[in-house]
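The values are calculated or read from the model by the stated rules, or taken from the named source; none is laboratory data. Predicted model only: the values in this text are computed from it and were never measured. Cβ coordinates were reconstructed from backbone atoms using ideal geometry, including for glycine residues, and neighbour counts include every protein chain displayed. Note: areas computed on protein heavy atoms with side chains; ligands, DNA, RNA excluded. Shrake-Rupley method; radii C 1.70, N 1.55, O 1.52, S 1.80 Å.
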Amino acid sequence: MGTVLRIFSVICAVLYGSAPGVSSLGAERQNLAFGRPYTLSPEPNYHLASKDPDRKLLTDGIHTKGFFWTQPTTVGWEGRSLIEITIDLGSVRPIAGASFSTAASPGNVNWPRAVLVFVSDDGKDFRVAGDLVIDSIESGMPAPQGYSTHRYVSSRWQTKGRFVKLAVDQVLEYCFCDEIEVYRGEDHRVQESGGPIVPDWKSYVLEHRLDACVRKRLLLDYTAVEAMVQTSTLPQ
C-alpha cells in the first residue's frame, strides 16, 4: 500500500509542483489585499447575499458566520459563469500567493472549475500567477458532497504586481465569496520580470478550461485513493 501512495505522490509532484500533504504555506504571511479597493465584473446580483455596493466586503478581513449565501458578509452571483475580481494593491508588490473563500452545496451551488489569478504592474498587461483550485492541494480539497465552506489558498508563487485579477470559472448557476487575500512575497521579486504577458486573459481562461477540469479530476481521484490507503487494514 505504501508503494501505491508513493506512486500517486510522484504523479502529483510532476503535475502540480509538490506532493500532496506537503505544505509550503510556512509562517503566516502579510495580507496585501486587506482594506484595498477592487472592481467586480459582472455586478453581484444574488438577492439573499450582498451586492457589495461599496466594494469593501471582500477585503475587510471578515469571514461569514452562518449559512454562507444568506449573510450580508457574502457577495453572490447568479447565472454568471465567469467572475472577474481585480484588486489594486496600491503599488507593485512581491506576491507569494492568494486565497479565495467560498462555499457549495447540492442545488446548483458548485465548486469552481478554476480560480485563475493574473498579476499586472500597470493594470493593462497581465501575467499568470497560478490557479488556486490546483495550487491549493497543499491545504486540502473541499468536501465533494453536502454543504460546506472552503478556502482555496496557496503560498507557492514567486511573482509581483500592483493589480491582482481573480478569474473565477464557475460551474452552473451560482458563485459566492466572502473574502480574498493576497500574500506578500520576497522583496527581491519586484525587480524581476514576473513572466510572459497574457494577450487576452479571458481567452486564456477558456482555453485552459479542459486542462483545469482534468487536473481537478485527478486531484479528486488522488484524494479518494489516498483515503482508501490510509484507512486500509491490510499490512504493509
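In the chain, the portion of solvent-accessible area held by carbon and sulfur atoms comes to 55 percent [1.4 Å probe, whole percent, DNA, RNA and ligands not counted].
Within the chain, the longest segment free of exposed loop sites, counting GluC sites (Glu not before Pro) that fall outside DSSP classes H, G, I, E and B and have at most 14 other Cβ atoms within 10 Å, spans 29-185. For the chain, a crude dipole built from +1 on the beta carbon of Lys and Arg and -1 on the beta carbon of Asp and Glu, taken about the Cα centre, is about 180 debye to the nearest 20. Remark: relative contact order (the chain) = 26 percent; criterion is Cα-Cα distance under 8 angstrom and separation of 6 or more residues. Rounded to the nearest whole Hz, the Karplus-based 3J(HN,Hα) values (6.51 cos²θ - 1.76 cosθ + 1.60, θ = phi - 60°) of segment 142-156 follow the sequence x, 5, x, 9, x, 7, 6, 9, 7, 10, 6, 9, 9, 9, 9, with x at glycine and proline. With protein chains left intact and a 1.4 Å probe, residues in segment 143-184 average 34 Å² of accessible area per residue. Along its first, second and third principal axes, ordered by size, segment 36-136 spans 37, 30, 23 Å in Cα coordinates. Under 5 Å between amide hydrogens, built in the peptide plane, is the criterion, and for residue 126 it picks out 198 among residues at least 5 positions away or on other chains.
Using the reciprocal of the averaged 1/r over all distinct C-alpha pairs, how large is the Kirkwood radius of the chain in Å? It would help to have the intermediate numbers written out before the result.
Working: mean 1/r = 0.0542 Å⁻¹.
For the chain, the Kirkwood estimate is 18.4 Å.
Pairs exceeding 27 Å between alpha-carbon atoms, taken from 56/124; 65/160; 56/202: 65/160. The simple spin-label model puts a point 7 Å past each Cα toward its Cβ; for residue 234 and residue 88 those points are separated by 5.9 nm.
Can you give the Rg to Rh ratio of segment 141-236, both from alpha-carbon atoms, with Rh computed by the Kirkwood formula?
1.04
Do the sum for the chain: with -39,500 (n - 2.57) for every DSSP H run of n ≥ 4, divided by all residues, what is the mean residue ellipticity at 222 nm, to the nearest 500 deg cm²/dmol? Numbers along the way, then the final one.
Details: 4 runs with 49 residues, N = 236.
Per the formula, -6500 deg cm²/dmol.
Each part reduced to its alpha carbon centroid, segment 44-70 and segment 76-124 end up 14 Å apart.
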